[in-house]
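Right, one structure below, let's go through it.
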Amino acid sequence: LARKMKNLAQKNSPASAMPSFLGGGAYKHFIPSAVDHLVSRSEWYSAYTPYQPEISQGTLQAIYEFQSYVCALFGADVANASMYDGASAIAEAALMARRITKKREIIVSDLVHPRWREVIKTYSRFHGVRIIETADYQKGAVDAGKLAELITDDTAAVAVQSPNFFGNIENLAEIAELCEDKKILFITGVAEAMSLGLLKPPGEFGADIVVGEGQSLGIPQSFGGPYLGLFGTKQKYLRQMPGRLCGRTTDLDGKPGFVLTLAAREQHIRREKATSNICSNQALCALRTAVYLSLMGKTGFAETARANFDAASALKDKIDSAGKAERLFDLPFFNEQLVRTEKSPAEINSQLAAKGVVGGLDVSRFYPDMKNCLLLTATETTRPEDLDILMETLES
């Protein structure tokens, strides 16, 4: 039986075994081997949940450190102990904006990840929240002028993603100024957390709520999960934040210790008045991210993000010089770019698969009028020879 299961497993190719140009919300990055070693220690598996602080100090401290890293990455005042994934985090942000403002409309850029937008609609359906989507995808970035026209007296917040689904970097300063003028909340989503190694944190632009997907930070691609939702906000909105929050305090002897500081959850006394029904957090994934960031350090993380951008820039240069594929947008980007190809994406990806390479994402799945458009991703793991194989396939 073991031999049969092994043979079945060998029919799959793990993401680590093949070069990949597939992004769109899940990214292949370098993970130090020490991450696997440290998070596999038995101490991390012993406590199910940190209700009793006296026996959960290690878990609580790890969560506290994770929250501190998220605050630094996002430029946020406070961060929670994590959400299920980026999609649930941005959906919770929409509901949080509804609670804070008592208004019912959330304007969501149609350049936010399509799957994320579906989850926002699902969460909002029975909360009396109306989701208004922009029409910006043909331009590749949010049009602040058009966005202003959608804002009404019942608008609670605007939600954008940067880098957006096509990899382009949004003008967060312009959108933040618009939200401030209209006295509405500004929600920013980050699907590719590696970009924060180079880009200014959304919180420094004035974003009220910043959410993201933490998969890029020490979590391998693994058949779609588990993922890690990141969530940060301003201090004044702390009590409306979903999930749990760990804090540092002192005991009766004056020694430092860690506790669950905030957990206004439905299974506690709040019941239907709770900010959210999330009853857990992605503790093991959060631990991986905390270990990853501590090992990389500020300099190492920035250098990795730069190597990531350099690989994407090399891909851009090759596409521009070859002439067999056209980049649709001439906008600042991080590691993804949308190209229109002469051959169909299905044909290109089939040819790449035969060469042992994972191709890009056919975006017509989400934007039906974008035929023969392929979203290509390059990271620090992309080698020059991988780019050569891709270009040979595009040109053949």
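The values are calculated or read from the model by the stated rules, or taken from the named source; none is laboratory data. Everything numeric in this text was worked out from a predicted model, so none of it was measured. All Cβ positions, even for glycine, are placed from backbone atoms using ideal geometry, and neighbour counts span all protein chains on display. When the accessible area is computed, the model is the full protein with side chains, heavy atoms only, and any ligands, DNA or RNA have been set aside. Shrake-Rupley method; radii C 1.70, N 1.55, O 1.52, S 1.80 Å.
Show me the strands (runs of 3 or more DSSP E) found entirely inside region 176-237 where at least 1 residues are touching a residue at least 60 places away in the same chain (Cβ under 8 Å) and within 13 Å of C285 (Cβ to Cβ).
209-213, 229-233
Restricting to region 1-43, and then to whatever is closer than 23 Å to V259 by Cα and open to solvent by 80 Å² or more (accessible area, probe 1.4 Å), can you tell me which residue is modelled with the lowest pLDDT? Walk me through it before giving the result.
Of all residues in region 1-43, those closer than 23 Å to V259 by Cα come to 38-39, 41-43.
Cutting the leftovers down to open to solvent by 80 Å² or more (accessible area, probe 1.4 Å) gives us 41-43.
On the way: R41: 88, S42: 83, E43: 79.
In this case the residue turns out to be E43.
Among the residues of region 212-255, which ones are small (G, A, S) and either open to solvent by 10 Å² or more (accessible area, probe 1.4 Å) or at pLDDT below 95 (or both)? Outline the logic, then answer.
The initial filter retains those residues of region 212-255 that are small (G, A, S), namely 212, 214, 216, 218, 222, 224-225, 229, 232, 243, 247, 254.
Within region 212-255, S222, G224, G225, G243, G247, G254 qualify.
Give just the number: which of (1) polar (S, T, N, Q); (2) over 26 Å from the mean Cα position of the chain (by Cα); (3) modelled with pLDDT of 95 or more does S396 not satisfy?
Single failed check for S396: (3).
So which of T134, T152 is open to solvent by less than 30 Å² (accessible area, probe 1.4 Å) and of a type in the set (S, T, Y)? Even if it seems obvious, please write down each step before you answer.
Values: T152 fails: open to solvent by less than 30 Å² (accessible area, probe 1.4 Å).
After ruling out the rest, the residue left standing is T134.
Would you check if there is a residue in region 332-348 being open to solvent by less than 40 Å² (accessible area, probe 1.4 Å), of a type in the set (A, V, I, L, M), over 29 Å from K200 (Cα atoms) and free of Cβ contacts under 8 Å to residues at least 60 places away in the same chain?
Of region 332-348, the ones open to solvent by less than 40 Å² (accessible area, probe 1.4 Å) are 333-339, 341, 343, 345, 348.
Filter once more, keeping what is of a type in the set (A, V, I, L, M): 338-339, 348.
Next, from what is left, pick out any that are over 29 Å from K200 (Cα atoms): 348.
Narrowing further to those that are free of Cβ contacts under 8 Å to residues at least 60 places away in the same chain: 348.
For region 332-348, residues open to solvent by less than 40 Å² (accessible area, probe 1.4 Å), of a type in the set (A, V, I, L, M), over 29 Å from K200 (Cα atoms) and free of Cβ contacts under 8 Å to residues at least 60 places away in the same chain: present.
Report yes if N281 is surrounded by 12 or more Cβ atoms within 10 Å (Cβ to Cβ) and in a loop (DSSP other than H, G, I, E, B), otherwise no.
Details: surrounded by 12 or more Cβ atoms within 10 Å (Cβ to Cβ): yes; in a loop (DSSP other than H, G, I, E, B): yes.
The answer is yes for N281.
Return a yes/no flag: does region 41-60 have any residue that is over 21 Å from A286 (Cβ atoms) and assigned to a strand (DSSP E or B).
Within region 41-60, the first condition is being over 21 Å from A286 (Cβ atoms), and the residues that meet it are 54.
Remaining after also requiring assigned to a strand (DSSP E or B): none.
Within region 41-60 (the criterion being over 21 Å from A286 (Cβ atoms) and assigned to a strand (DSSP E or B)), the answer is no, since none of the residues qualifies.
Can you pull out the residues in region 154-167 that are part of a loop (DSSP other than H, G, I, E, B) and under 19 Å from L22 (Cα atoms)? Spell out how you get there, then give the answer.
First pass over region 154-167, keeping only residues part of a loop (DSSP other than H, G, I, E, B): 154, 162-167.
Those that are part of a loop (DSSP other than H, G, I, E, B) and under 19 Å from L22 (Cα atoms): S162, P163, N164, F165, F166, G167.
I'd like the full set of residues that are surrounded by 14 or more Cβ atoms within 10 Å (Cβ to Cβ) and farther than 13 Å from T379 by Cβ, limited to region 303-331.
E303, K316, K318, I319, K324, A325, E326, R327, L328, F329, L331
Of A94, A89, which residue is in contact (Cβ under 8 Å) with a residue 40 or more places away in the chain, out of contact with any helix residue (DSSP H, G or I) (no Cβ under 7 Å at 6 or more places or on another chain) and open to solvent by less than 50 Å² (accessible area, probe 1.4 Å)? Step through it out loud before you land on a result.
On the way: A94 fails: out of contact with any helix residue (DSSP H, G or I) (no Cβ under 7 Å at 6 or more places or on another chain).
Just one listed residue meets the conditions, A89.
Can you tell me which of I175, I184, I169 is more than 21 Å from L331 (Cβ to Cβ) and among the hydrophobic types (A, V, I, L, M, F, W, C)? Working first, answer last.
Working: I175 fails: more than 21 Å from L331 (Cβ to Cβ); I169 fails: more than 21 Å from L331 (Cβ to Cβ).
After applying the criteria, what remains is I184.
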